[in-house]
Amino acid sequence: DAGEVWVDGQEITKLRKRGLFEVRKRFGMLFQGAALFDSMTICENVALGLVEHSGVSKEWIRARACECLAMVGLQTAENKLPSELSGGMKKRAGLARAIAMSPDYILYDEPTTGLDPITSDAINDLILKLQAELNVTSIVVTHDMASAFKVADRIAMLSKGRMIYADTVDAVRETEHPVIRQFIQGSAHGPLSVF
C-alpha cells in the first residue's frame, strides 16, 4: 500500500502525534462491529469521547449523548447494555457515538455488513439524513454496491491496495472497466480471481 491522505489541503500521513491528534478530532468513526463497550450503557458509550476530550459538565455530556441517541432513533435505549440491542441498534448506537463530538467527517467501516436488507436500507437512509442535517462529509467503505449507489456522490474502487477507479455514481454504473463490471455484477468470473 502506498499513497497520501489529504484533509482540507493538508497531507496528514507525515504529521507528528500532536498534529494527527488535532486532525483526528474532526473525524467520527462507525466501526464495522459498532465497537461498543459491553460493560457500559449505550448512553455511556456515546458519551465516552466527550468525557475524555471535552472538559464540559457531566450534565451537558449526558444531554448531548441523549440528543445524539435521539438523532439515530435510540432515545429509549440510553440505559440499555449493548447485549440488549439488535445488530442494527448497535450500529445506530455506534453512529450516535461517532457524531457526539460534532465531527466534520464521518468514516463508516462496512456500515451494513451483517444486517438484513431492510435494516441496511434504514442505515443508508440514516447516513444520508445525518449528512444533510449535520453538514458532514461521509466516507463509506463497503462491499455492498446497493448501499454505495444509494449513499455516494462519488465511488472509488480499491484493488490490491491501490485505487484503480474513481468517478461519479452514474459513471460507475455505466463503466466498461472489467474489474468494476465484475464487482458490480458479483461474478466469480473475470479479471479478479478468488483463488
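What translational diffusion coefficient, in µm²/s and rounded to a whole number, does the Stokes-Einstein relation yield for the stretch 110-195 at 10 °C and a viscosity of 1.306 mPa s, taking the hydrodynamic radius as the Kirkwood radius over Cα pairs? D, rounded to a whole number, is 113 µm²/s.
Going from the residue with the fewest nearby Cβ atoms within 10 Å to the one with the most, Arg62, Arg162 rank Arg162, Arg62. The orientation-averaged shadow of the Cα convex hull for the stretch 6-152, equal to a quarter of the hull surface, comes to 9.2 nm².
Sorting Val141, Val72 by the number of Cβ atoms found within 10 Å of their own Cβ, with the fewest placed first, yields Val141, Val72. Calculated on the alpha-carbon coordinates, the convex hull of the stretch 42-128 measures out at 94 cubic angstrom per residue. Sorting Arg173, Arg64, Arg154 from the fewest to the most surrounding beta carbons within 10 angstrom yields Arg154, Arg173, Arg64.
For the stretch 36-95, the Cβ-based charge dipole about the Cα centre amounts to some 160 debye (Lys, Arg positive; Asp, Glu negative; other atoms uncharged).
Taking amide H positions as modeled 1.01 Å from N, with prolines and chain starts lacking one, the residues under 5 Å from Gln32 and 5 or more places away or on another chain are Asp109. Each of Pro117, Val5, Ile127 was placed along the dipole of the chain (beta-carbon charges, centred on the mean Cα), and the one lying farthest toward the positive end is Val5.
Here is what passes the span test in the chain: the DSSP H helices with alpha carbon length of 24 Å or more along the helix axis and a Kyte-Doolittle mean of -0.5 or above are 117-134. Once backbone amide H atoms are built at 1.01 Å from N, Val140 has Tyr108 as its partners under 5 Å, excluding neighbours fewer than 5 places away on the same chain.
Rounded to the nearest Å, what's the spacing between the alpha carbon centres of the stretch 133-189 and the stretch 17-70? Just the number, please. What the calculation gives is 30 Å, centre to centre.
Summing Cβ point charges (Lys, Arg +1; Asp, Glu -1) relative to the Cα centre of the stretch 6-152 gives a dipole of roughly 500 debye.
Coordinate-derived values only; no laboratory data. None of these values were measured; they are calculated from a predicted model. Ideal geometry is used to build each Cβ from the backbone, glycine not excepted, and the neighbour counts take in all protein chains shown.
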